[in-house]
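Structure, as structure tokens:
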Amino acid sequence: MFTPQTLEGKNILITGGGSGLGLAMASRFAELGANVAICGRNLERLESAAEQIQKQGAKKVAIYAVDVRDYEGVGKMIDYFMQELGFLNGLVNNAAGNFLCASEDLTPNGFKSIVDIVLHGTFNCTQQLGKRWIQNQQKGTILNIVTTYTETGCAFVLPSACAKAGVYALTTTLAYEWGPYGIRCNSIAPGPFPTEGAWSRLMPNKDFQQRYIKHHPMGRVGEHIELANLAVFLMSDLAPYINGECVVIDGGERLQGAEFNQFMHFVDRSTLKQLFQTMRPSKKDS
Ligand code: HXC
């Protein structure tokens, strides 16, 4: 279905592109002809990601260290990427934060941190780039990574559920409002695609992992390339009339209910809370 030219002429920014699913998407985009720009908070991680993407035969890869919570910083990053790569015409809002915590134990700052990264970060990148597109009468494509629990909510990830529901609303709102400018805005709702960043925060231990996979209708987690290929399709000119859509890719997992709801039935509540405590990174790890 795809050729090495599928994304030719695309200059795509992927937030959180230095690791995990962001890096998988960036690598695949590069392999199929795009120039890619990746950002994240950790410069070293971005440098090694850029090296990896180059090996996929990328024409141009640019990196920039920024926290997507910083609106002005995001603006400077976009100007930098435009200088390095030419006009950006694609954006994947992938940067996210999440952790497991009983809602009654959350601190206000814990709630705020996730909403700031996920919802405000998505707004910051989308609006900073979108206003440049509109000003310059350029078309563009936006892809937001949401979750399968945007509609249902999900136990133990309240801030993420609230923030991702907001990102979903941002997607559908802008699909309509910016449609007349030739800007498409879609989302992908992935199920379980293990990455170090996500699973260290969301999968308490091996036992939980085994039970979780056993409950999955297909009995397996997703492969990164499966998600990356869907992202390619939505970002490409193969999908020019898809706008305001959310495509679920989870092997049918959502049909059994929200992702982490089932944890409640694995062990009692106080054991769960203890497990969540053991998963908290020390300050130096985060
Ligand atoms: C309870 C926690 C916590 C935890 C942090 N906090 N971890 N509370 N349980 N496990 C609280 C802190 O105590 C603090 O509140 C506040 O959150 C901010 O924490 P900091 O470490 O100071 O913040 P920061 O350095 O900005 O780090 C943000 C982070 C961190 C989100 C907490 O984990 C991070 O950088 N994550 C980025 C990567 C990530 O999360 N990837 C997974 C995405 S997966 P107080 O009150 O003490 O100051 C994903 C998939 C969704 O989103 C779909 C599911 C399948």
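By the rule of a C-alpha distance below 27 Å, with chain neighbours fewer than 8 residues away ignored, the lysines paired with LYS76 are LYS10, LYS59, LYS60, LYS112, LYS131, LYS139, LYS164.
With each label modelled as a point 7 angstrom along the Cα→C-beta vector, the GLU196-LYS273 pair spans 3.2 nm.
Once the Cα-Cα distance is subtracted from the 0.36 nm per residue extended length, the PHE111 to GLU84 segment shows a gain of 6.1 nm.
For the chain, what does the alpha-carbon gyration tensor say about shape, rounded, prolate or oblate, given a ≥ b ≥ c as the root eigenvalues, a/c under 1.5 as rounded, and a/b over b/c as prolate? Could the numbers behind the result be given before it?
Values: a/c = 1.65, a/b = 1.58, b/c = 1.04.
Cα axes put the chain in the prolate bin.
Between CYS162 and GLU72, the contour length at 0.36 nm per residue exceeds the Cα-Cα span by 30.0 nm. Note on LEU43 and PHE2: the model spin-label points, each 7 Å out from Cα along the C-beta direction, lie 3.1 nm apart.
Using θ = phi - 60° in the Karplus curve 6.51 cos²θ - 1.76 cosθ + 1.60, the 3J(HN,Hα) couplings for region 242-256 round to 8, 8, x, 9, 10, 9, 8, 9, 8, x, x, 4, 4, 5, 9 Hz; x is entered for Gly and Pro. Available extension along the chain between THR152 and GLN138 is 1.5 nm, counting 0.36 nm per residue and deducting the alpha carbon span.
Hey, got the dipole for the chain? About the Cα centre, +1 on K and R Cβ, -1 on D and E Cβ, debye to the nearest 20? Magnitude of the dipole: close to 200 debye. Over what distance in Å are the Cα centres of region 19-44 and region 191-231 separated? Using only Cα atoms to place each centre, the spacing works out to 20 Å. To the nearest ten degrees, helix 158-177 and the longest principal axis of the Cα atoms of the chain are 30 degrees apart. In degrees from 0 to 90, rounded to the nearest 10, what is the angle of the helix 20-31 Cα long axis to the longest principal axis of the chain? The helix 20-31 is inclined about 30 degrees to the chain. Between the Cα long axis of helix 206-215 and the first principal axis of the chain there is an angle of about 80°, rounded to the nearest 10.
Take each of the peptides 98-109, 230-241, 160-171, average the number of other beta-carbon atoms within 10 Å over its residues, and list them starting from the highest. List each step's numbers first, then the result.
On the way: 98-109: 13.8, 230-241: 17.4, 160-171: 21.6.
Ranked from most to least packed, the peptides come out as 160-171, 230-241, 98-109.
Summing +1 for each Lys or Arg and -1 for each Asp or Glu among the other residues whose beta-carbon sits under 14 angstrom from that of LEU174 gives +1.
Over the chain, DSSP H runs of length four or greater, each weighted -39,500 (n - 2.57), average out per residue to a 222 nm ellipticity of -13500 deg cm²/dmol.
A short reminder: the numbers here are calculations on the coordinates, not readings from a lab. Note that the structure is a prediction, hence the values are computed from the model and not measured. Using ideal geometry, Cβ is built from the backbone for each residue, glycine included, and neighbour counts are taken over all protein chains shown.
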